[in-house]
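What follows is one structure encoded as structure tokens, with my remarks underneath.
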Amino acid sequence: MQLDERKTKILQAIIRNYLETGEPVGSRTISKYTDLNLSSATIRNEMADLEELGYILQPHTSAGRIPSDKGYRFYVDTMLEEKEREVVEMKEMLLERQDKMEVLLKQVAKVLAQNTNYATMISAPQTHHNKLKFIQLSRVDANQILAVIVGEGNVIKNNILSVTQELSDETLLKLNILLNTHLNGLSIEEINLGMIADMKKQAGIHSDIVSEVIDAVAEAIRAEEDLRIYTSGANNIFRYPELADQQKASQLISTFEEKQLLSELVQGTLADENSTGIQVYIGNETPVSSMKDCSVVTATYELEEGMRGTIGIIGPKRMDYDKVIGTLKALQSQLDELYKGR
């Protein structure tokens, strides 16, 4: 016989309570322990059925019930099924959010605006101070080789390099070993002239290839994608009389629509590689000229090493700082956990 939902909940409550206390469990305890809102009499009837089915036992007369081996087995199997389902659902959610990061970030901005009644922004994560993970040189034809450069965050750049003569497989292998041995794990700032000179010396007649690859590495790991910023709640500005003046409001709305000034704000926030805290700009402290009558609170989030973005909330100087900072801290943590766990 398959247990219905009510019997299942009562059995689970009996087992959980017994695991916690080690004492036989009575109907009065279960009536307080579950969310079924059932009377003790109804619970006693259900417990009698569970006992008849072999899921629980009554150790002695007038005592409560304890789980049987069959009851424990049902509990464990059910729990494992639930955990497996949770894992599958979490994986599906993570995959969906990875595939639709833009949708997620737009939703974050929208929810933030709804929850705070202020204007909000969030920038897509970017790789800053990127380091080289791997270089792969391969032959395209007699006069060209392909340099595949992989940086942190799995940023991949492909460069076609011209060569004066066809390179053998052995030569390409030696160049790959030379480049990866010297450059892997380094940022462009850590690649110095002495290191380059040593590599060119070891490369001999192919020193020009080393120079071209290093130029390509510098371009690849310094390159930034266009900064994408998602905003929401700009119309919330009109809720606050001190910002609702036509000229002020117009400037603020334009800032949110054009996003260039927001981009400068984000770049300034991300300039400090070690900053992942909350920053509060009040009035004239705000680096955006159209926001001098506002307060701006920003937080940096990090998805994985080197992948960072900015969340910002813009409102009047009399904003609820406690709520805003608490909301940003919670969101910081959620974004970090979500993407670091993928």
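Name the residue, out of GLY26, GLY54, that is in the same structural domain as PHE74 (by TED's automatic domain parsing), surrounded by fewer than 15 Cβ atoms within 10 Å (Cβ to Cβ), more than 43 Å from the chain's Cα centre (by Cα) and not hydrophobic (A, V, I, L, M, F, W, C). Working first, answer last.
Working: GLY26 fails: surrounded by fewer than 15 Cβ atoms within 10 Å (Cβ to Cβ).
None of the others qualify; the one that does is GLY54.
ILE325 - would you say it is part of a helix (DSSP H, G or I), surrounded by 14 or more Cβ atoms within 10 Å (Cβ to Cβ) and either in contact (Cβ under 8 Å) with a residue 24 or more places away in the chain or over 24 Å from the mean Cα position of the chain (by Cα) (or both)? Steps first, answer last, please.
Details: part of a helix (DSSP H, G or I): yes; surrounded by 14 or more Cβ atoms within 10 Å (Cβ to Cβ): yes; either in contact (Cβ under 8 Å) with a residue 24 or more places away in the chain or over 24 Å from the mean Cα position of the chain (by Cα) (or both): yes.
When the stated conditions are applied, ILE325 passes them.
Only one of the numbered conditions (1) more than 19 Å from GLU5 (Cβ to Cβ); (2) at pLDDT 90 or above is not met by LEU53, and that is (1). Among the candidates GLN144, GLN136, the residue that is within 30 Å of ASP215 (Cβ to Cβ), out of contact with any Cys (no Cβ under 9 Å at 6 or more places or on another chain) and at pLDDT 85 or above is uniquely GLN144. Can you find even one residue in region 226-235 that is under 28 Å from GLU189 (Cβ atoms), exposed (fewer than 15 other Cβ atoms within 10 Å of the Cβ), in contact with a strand residue (DSSP E or B) (Cβ under 8 Å, 6 or more places away or on another chain) and modelled with pLDDT under 80? So far as region 226-235 goes, no, none of its residues is under 28 Å from GLU189 (Cβ atoms), exposed (fewer than 15 other Cβ atoms within 10 Å of the Cβ), in contact with a strand residue (DSSP E or B) (Cβ under 8 Å, 6 or more places away or on another chain) and modelled with pLDDT under 80. Annotation for region 249-264: at least one member residue is among the basic types (Lys, Arg) and either modelled with pLDDT under 85 or on the phi > 0 side of the Ramachandran plot (or both). The listed residues are GLY185, GLY194, and the only one of them that is closer than 26 Å to GLN267 by Cα and either not in a loop (DSSP other than H, G, I, E, B) or not assigned by TED's automatic domain parsing to the domain that holds GLN267 (or both) turns out to be GLY185.
The values are calculated or read from the model by the stated rules, or taken from the named source; none is laboratory data. Keep in mind that what you see is a predicted model, and the values were worked out from it rather than measured. All Cβ positions, glycine included, derive from the backbone under ideal geometry; neighbour counts span all protein chains shown.
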